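All remarks here apply to the structure that follows.
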Amino acid sequence: MDFSLSEEHRMLQEAVREFAEKEIMPYGKEYDEKKEYPMKIYKKAAKLGYIGASIPEEYNGAGMDCLAEA
């Protein structure tokens, strides 16, 4: 069995990694210390389709598979 990621999954993985490095990592400690939920970051992630990625498109989700959401 081949368990390697597809090209699409690798591209998604890289995009999410870049998002996390740019949008989450610099502010994570601050949000933790203030005990605040990062709604601004959440909204950005949602706009990019990273939140609820496996929700079908007809329900305004990204329609990705379960592996993409992982």
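The values are calculated or read from the model by the stated rules, or taken from the named source; none is laboratory data. As the structure is a prediction and not an experimental result, all values here were calculated from the model. Note that each Cβ is placed from the backbone with ideal geometry, even for glycine, and that neighbours are counted across all protein chains shown.
Below, the figures for the structure above:
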item	result
Hits in the stretch 1-26 (condition: modelled with pLDDT under 95 and aromatic (Phe, Trp, Tyr))	PHE3
Residue list for the stretch 47-61, restricted to those being over 19 Å from GLU18 (Cα atoms) and not hydroxyl-bearing (Ser, Thr, Tyr)	ILE55, PRO56, GLU57, GLU58, ASN60, GLY61
Scan of the stretch 41-70 for residues that are assigned to a helix (DSSP H, G or I) and surrounded by 12 or more Cβ atoms within 10 Å (Cβ to Cβ), ordered by number	ILE41, TYR42, LYS44, ALA45, ALA46, LEU67, ALA68, GLU69
Residue list for the stretch 1-40, filter: of a type in the set (Lys, Arg) and either assigned to a helix (DSSP H, G or I) or surrounded by 12 or more Cβ atoms within 10 Å (Cβ to Cβ) (or both)	ARG10, ARG17, LYS22, LYS29, LYS34, LYS40
